[in-house]
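To keep things clear, I will list the structure first and then write my remarks on it.
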Amino acid sequence: MHPSDIAHLLVPSRPALVGDPRSGGFLLTALAHPDLEADENVSRIDRVGGDGTTSPWTVGPHDGGVVVAPDGRSVAFTRVVGGDGPDTHPQLVVMPVDGGEARVLTALPLGVDATVAWSPDSSRIVATARIPEPGRYGTALPDGSTLVAGAEPPRHIDRLDYRMDGVGFLRDRVRRLVVVDVAAALDGQLVTTAVTDGSTPVSDPVWTPDGQTVIVSAPRDLGVSETLESDLYRVDLASGALALHARSAGEAGSPFFGPDGTLFWAGTDREKGVVAVPTALYAGVPSPDDDGVLIGRALTDDRTVELEAGAGLVAARAHDVLVAVTTRGAVELRSVPWTGTAPEAPLTLDELPVVLGGEVVVRAFSVADDLVAASVAFPDSAGEVVLLEVASTAGAATGSAEGSGAESRPDAGSGSGSGSVTVLTGGTADVRTAADVALTGYGTHLREAGLRPVEELHGTAPDGYPVHGWLVLPEGDGPHPVLRVVHGGPNAADSRAVFDEAQVYAAAGYAVVIGNPRGSAGYGRDHGQAIVGALGTLDVDDVLALLDTALERPDLDASRVGIMGGSYGGFMTSWLAAKHGDRFVAAWSERAVNAWDSFAGSSDIGYFFADAYVGADPDEQRRRSPLTYAGDVTIPFMVAHSEQDWRCPLEQGQRQFVALKRAGVAAEFLLFPGEGHELSRSGRPSHRVQRFEHVLRFWGEHLPVS
């Protein structure tokens with residue numbers, strides 16, 4: 001895989017079922033990928049038949065959030081409409097399922113969010129939207145006039161949760177609930193306002209089964225002050241007033257109802273900590289106070305089960321709830337049995353039957369009785385549409401919809417209680433042009449570009465703790481130079497899905513070691529919280545132990561090793577360059593945390609994240625900061641950063657670069673304009689390619705491939 005091959009990272013969204021694909025129905029999914037020619041990230045909606053036949057349903061280039069109406073007649077999705085400038089925002093549109101004209105339903109100043117929900121009678125749609133203060137973000141003042149860019153009045157900020165990386169300022173454009181009467185909007189009454197006011201942000205709207213009200217997630221006590229906790233509220237659709245409906249143990253999001261009327265949600269228990277607390281599945285049960293407010297009862301054990309939270313990652317059926325669970329680099333589909341009452345004790349990971357497991361990363365799914373449609377990534381594909389038949393009693397998954405365009409992946413169904421599945425978009429037809437990609441499987445071009453093999457690694461840290469990861473091997477016999485690449489988070493994970501960075505570096509001749517040291521997600525709560533208050537200790541041991549495991553191979557060159565990573569991985573890179581510089585020939589530290597004292601005040605999450613992981617003592621923050629030891633670095637060092645990064649702000653890179661240069665280090669500074677923290681994953685395509693080119697140039701100079 002080469003840098004420009006990111007154009008083949010095709011990712012389907014949550015598939016929407018239109019009828020039964022086994023008997024003439026089909027699925028709709030928004031297919032997203034980087035477009036190098038347009039230099040933007042684009043998406044269109046594809047139609048996928050039960051026989052694997054795939055074709056564009058819309059042309060895009062910015063269509064997403066597909067939801068089919070309960071009556072099966074209409075499809076709602078978001079589409080960027082308008083011209084250049086501030087009018088270019090995603091609005092809600094509706095279209096007949098058999099195709100036709102897309103009709104715009106909203107004219108909101110900053111557009112709508114991608115998560116939308118139909119009412120049970122298919123007459124209304126709810127969504128959320130950020131509504132700006134008059135005069136901001138190009139909107140008109142009350143007198144109808146507008147302000148030129150940069151002439152807005154100052155923002156008066158009196159709380160800590162006022163901005164977010166990738167979004168911007170929050171308090172002057174609060175996310176509110178929008179309700180669309182479809183018939184009225186089609187008659188020309190476009191929705192321009194929200195139901196709720198700007199006093200508190202809301203998210204994750206879902207209709208009650210009777211269609212009379214909407215449940216949303218909102219900050220605890222309606223966000224009267226900064227809080228990391230949230231509860232579920234019901235919205236009076238006439239007045240916009242919010243009333244507490246369900247109290248959580250900490251956070252509550254992604255609410256949904258089961259067939260029996262039970263309210264479920266994905267949430268965390270704040271008594272378990274502030275960071276690295278896995279998400280669990282909760283069911284609402286009556287409060288003992290008999291005040292009409294539900295309280296959450298955990299159905300899964302957050303010590304062993306780590307749910308993926310978000311739209312399309314949880315769904316209820318008659319006798320179980322399907323959930324996406326992160327475990328050892330995979331994201332599996334598992335079943336949580338439901339009999340109408342909560343179990344005496346939350347269920348552990350081993351007690352949840354596997355519906356779809358193995359070398360898979362489930363990104364999102366939809367259910368209809370015994371049918372599950374999912375977007376799933378594999379080691380050789382960024383995403384495919386998968387169809388499973390799964391009995392609602394947590395029975396076995398079986399292959400379905402066999403056809404010329406469908407590919408059976410029995411390996412994707414490994415685990416207790418599961419069988420083969422069908423990858424609808426995994427077709428095998430010959431590829432002629434890039435335009436054929438939708439007809440030949442979403443991962444076809446990526447595989448044709450050349451993917452290097454991935455081998456699993458198992459090692460042991462100095463204290464006997466097991467370490468786990470993967471090795472991506474370049475072509476040839478070696479001995480190969482090695483790159484140890486550390487992921488961000490720290491409570492995130494390298495996964496079993498195809499990883500563009502590792503593949504690009506391996507194609508250039510480097511053996512790439514990736515993995516999940518203590519602090520990562522997917523190995524239980526104790527693993528994730530092992531480094532709370534201990535950054536730069538056990539995690540360092542694990543990072544180096546996994547590297548040493550790989551270096552036991554004769555085809556890897558232990559004398560030619562580089563270290564690199566971003567965010568927390570950037571912290572680890574900066575730390576290792578100072579503390580274990582003799583192990584490496586050079587370091588690439590990207591969007592890093594280098595100084596916890598200034599991070600606490602400059603990062604969008606710094607006001608709680610720094611204290612949670614390091615503590616509030618300034619001396620301890622400096623002891624745990626790579627910047628403190630910049631003078632100990634002796635190897636060539638690249639500082640890479642984005643100008644608009646609000647998660648690990650620009651000053652983190654600037655301070656490290658200056659300290660390194662003053663210490664006489666051969667340091668470079670690579671700065672990307674207009675980008676935020678997510679540059680390497682979702683930034684401007686040209687910047688992503690340029691970043692890869694600089695990475696390969698840097699390692700070509702300091703760690704050349706023989």
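The values are calculated or read from the model by the stated rules, or taken from the named source; none is laboratory data. Because the structure is a prediction, the values reported are computed rather than measured. As a convention, Cβ positions derive from the backbone with ideal geometry for all residues, glycine included, and neighbour counts pool all protein chains shown. Surface accessibility is based on the protein's heavy atoms, side chains included, excluding ligands, DNA and RNA. Shrake-Rupley method; radii C 1.70, N 1.55, O 1.52, S 1.80 Å.
Label-to-label distance for ASP619 and ASN41 is 4.4 nm, based on points extended 7 Å past Cα in the beta-carbon direction. The residue list THR58, ALA102, LEU92 was ranked by how far each Cα lies along the charge dipole of region 45-165 toward its positive end, using unit charges on Cβ atoms, and LEU92 comes out on top. With a 1.4 Å probe and every protein chain kept in, tell me what percent of the accessible surface of region 254-382 is carbon plus sulfur. Its accessible area is 48 percent carbon and sulfur atoms.
Calculated accessible area for region 109-265 comes out at 45 Å² per residue, all protein chains present (probe 1.4 Å; ligands, DNA, RNA ignored). The stretch between SER602 and VAL104, if pulled fully straight at 0.36 nm per residue, gains 175.3 nm over its current Cα-Cα span. When only the Cβ of Lys, Arg, Asp and Glu is charged (+1, +1, -1, -1), the dipole of the chain relative to its Cα centre reaches about 940 debye. Show log10 I(q)/I(0) for the chain at q = 0.06, 0.10 Å⁻¹, two decimals, from a solvent-free Debye sum over equal Cα scatterers. Values, matching the q order: -0.34, -1.04. A probe of 1.4 angstrom, applied to the heavy atoms of all protein chains, finds LEU538 with accessible area near 50 square angstrom.
Could you work out how far helix 650-662 tilts from the main Cα principal axis of the chain, as a 0 to 90 degree angle to the nearest 10? Result, in degrees: 0.
With a 1.4 Å probe and all protein chains in place, put PHE692, PHE499 in order of accessible area, largest first.
Putting PHE692, PHE499 in descending order of accessible area: PHE499, PHE692.
Counting Lys and Arg as +1 and Asp and Glu as -1 over every other residue whose Cβ lies under 12 Å from the Cβ of TRP646, the net charge comes to -4. Take the Cβ atoms of ASP158 and ASP555, set R0 to 45 Å, and the FRET efficiency comes out at 0.15.
For the chain, the antiparallel share of DSSP beta bridges with both residues in that region comes to about 80%.
For the chain, the relative contact order works out to 10 percent when only alpha carbon pairs closer than 8 Å and six or more residues apart are counted. At what distance in angstrom do the alpha carbon centres of region 498-531 and region 235-251 lie from each other? Between the Cα centres of region 498-531 and region 235-251 lies a distance of 39 Å.
About its Cα centre, the dipole of region 435-498 is roughly 140 debye, where the only charges are +1 on Lys and Arg Cβ and -1 on Asp and Glu Cβ. Couplings 3J(HN,Hα) for region 678-685, derived from phi with the Karplus relation 6.51 cos²θ - 1.76 cosθ + 1.60 (θ = phi - 60°), are 8, 3, 6, 10, 9, x, 4, x Hz, where x marks Gly and Pro. With the convex hull constructed from alpha-carbon coordinates only, region 588-654 shows a mean projected area of 4.3 nm² over all directions. Each residue was assigned an accessible area with a 1.4 Å probe, and for HIS8 the value is about 50 Å².
Distance between the 7 Å Cα→Cβ label points at ALA612 and GLN690: 3.4 nm.
Amide H contacts of VAL42 (H built 1.01 Å from N, in plane; Pro and chain starts excluded): HIS33, ASP35 sit under 5 Å, all sequence-distant by 5 or more or on other chains. For the chain, the longest principal axis of the C-alpha atoms and the axis of helix 538-551 are separated by about 70°.
Normalised by 2.2 N^0.38 Å, where N counts its residues, the alpha-carbon radius of gyration of region 60-180 equals 1.20. Approximating the spin labels as points 7 Å out from Cα along Cα→Cβ, the LEU170-to-GLN644 distance works out to 1.8 nm. The C-alpha atoms of the chain define a longest principal axis, and helix 568-579 lies at about 10 degrees to it.
Taking every alpha-carbon pair in region 178-313 and binning the separations at 10 Å intervals from zero gives 12, 40, 33, 12, 3, 0 percent. With a/c under 1.5 counting as rounded, go ahead and sort region 578-697 into rounded, prolate or oblate using the C-alpha gyration tensor (a ≥ b ≥ c being the square roots of the eigenvalues; past the cut-off, prolate if a/b is larger than b/c, else oblate). Oblate. Here region 527-643 is treated as a Stokes sphere of Kirkwood radius computed over C-alpha pairs; at 37 °C and 0.692 mPa s its diffusion coefficient rounds to 221 µm²/s.
For region 440-528, the alpha carbon convex hull comes to 111 Å³ per residue, rounded to a whole number. Only protein heavy atoms count here; under a 1.4 Å probe, LYS661 has an accessible surface of about 100 Å².
Per the 1.4 Å probe, what fraction of the accessible area of region 576-706, in percent, lies on carbon and sulfur atoms?
Ligands and nucleic acids excluded, carbon and sulfur reach 49 percent.
Dividing the helix sum by the residues of the chain, where each DSSP H run of 4 or more adds -39500 (n - 2.57), gives a mean residue ellipticity at 222 nm of -4000 deg cm²/dmol. Per residue, the solvent-accessible area of region 556-706 (1.4 Å probe, heavy atoms of protein chains only, all protein chains present) comes to 36 Å².
Using only side-chain charges placed at the Cβ, +1 for Lys and Arg and -1 for Asp and Glu, the dipole size of region 210-305 relative to its Cα centre rounds to 220 debye. Taking amide H as placed 1.01 Å from N in the peptide plane, the amide H of LEU347 sits under 5 Å from that of THR300, ASP301, each at least 5 places away or on another chain.
Across region 359-375, computed HN-Hα scalar couplings (Karplus, 6.51 cos²θ - 1.76 cosθ + 1.60, θ = phi - 60°) run 7, 9, 10, 6, 8, 5, 8, 10, 10, 8, 6, 8, 10, 10, 10, 9, 9 Hz from first to last residue, x flagging Gly and Pro. 3J(HN,Hα) along region 123-137: 9, 9, 10, 10, 8, 10, 8, 8, 9, x, 4, x, x, 9, 6 Hz, from the Karplus curve 6.51 cos²θ - 1.76 cosθ + 1.60 with θ = phi - 60°, whole Hz, x for Gly and Pro. For VAL191, nonlocal amide neighbours, meaning residues 5 or more places apart or on other chains whose placed amide H falls under 5 Å from its own, are THR106, ALA107.
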